[in-house]
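Each remark here refers to the structure printed beneath this line.
The values are calculated or read from the model by the stated rules, or taken from the named source; none is laboratory data. Because the structure is predicted, anything quoted here is derived from the model rather than measured. With ideal geometry, Cβ positions are generated from the backbone for all residues, glycine too; neighbour counts draw on all protein chains shown. Heavy atoms of the whole protein, side chains included, go into the accessibility calculation; ligands, DNA and RNA do not. Shrake-Rupley method; radii C 1.70, N 1.55, O 1.52, S 1.80 Å.
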Amino acid sequence: PTGYCNAGRRGTNYIATVSFGTINNTSQNTSYSNFSTQSTNVSVGQTLTLTVTPGFTANNWSSNVVGGWIDWNRDGDFEDANEQVLMKPRGVGGGSASVTVPNNAQSGATKLRVRYRWGSNPNPCGTSSNDGDEVEDYVVIIGGGTTPTCNDGIQNGNETGVDCGGDCPP
């Protein structure tokens, strides 16, 4: 899918590594990294651990918050139920969560976004008002899910609206 929201960012070295399935990546220490060449295959019903480790150690991590989102239904956003897969509360260190691929996940490639934000809970979109913000995107390939159709209640491919227009491939 395309059309994902921009995640404005300011700051570097907040994320050191991201681990999910076969993704085990060391950050480039930039404010935004598009790691679309790094992917993992998952299956409906499978449970995996998403881990984000911090890029520096300090006693002042009490405002550290890490979030993660996966676009399970491949509609180009992170706004649907269960797409927020990690929200680590404020505290020292990184974040980790057990993630189960939902039964209604749609087959194919989709996006995993992780975000570190200092001072407030991150969301997948928008720009932080301070320098404590870093975003990384990855690819998750879903197997065993549902196949998008032209009447599935989702705007697929080049449809001009929900279930209308275009040729409708995912």
S62 being touching a Lys or Arg at 6+ places or on another chain (Cβ under 8 Å), modelled with pLDDT under 90, part of a loop (DSSP other than H, G, I, E, B) and open to solvent by 10 Å² or more (accessible area, probe 1.4 Å): yes
Qualifying positions in the stretch 19-41 - modelled with pLDDT under 85 and surrounded by fewer than 17 Cβ atoms within 10 Å (Cβ to Cβ): Q28, N29, T30
In the stretch 120-170, residue modelled with the highest pLDDT [restricted to those that are touching a Cys at 6+ places or on another chain (Cβ under 9 Å) and at positive phi]: G126
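Can you tell me which residue within the stretch 75-106, out of those that are over 17 Å from G45 (Cα atoms) and surrounded by 19 or more Cβ atoms within 10 Å (Cβ to Cβ), is farthest from the chain's Cα centre (by Cα)?
Applying the filter and picking the extreme gives G94.
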A16 being surrounded by 15 or more Cβ atoms within 10 Å (Cβ to Cβ), touching a Leu at 6+ places or on another chain (Cβ under 6 Å) and not in a loop (DSSP other than H, G, I, E, B): no
Top-ranked residue of the stretch 2-13 - restricted to ones that are at negative phi and outside any strand (DSSP E or B), ranked as least open to solvent (accessible area, probe 1.4 Å): G8
Odd one out for R117, checked against (1) open to solvent by less than 50 Å² (accessible area, probe 1.4 Å); (2) of a type outside the set (A, V, I, L, M); (3) at pLDDT 85 or above; (4) not in a loop (DSSP other than H, G, I, E, B): (3)
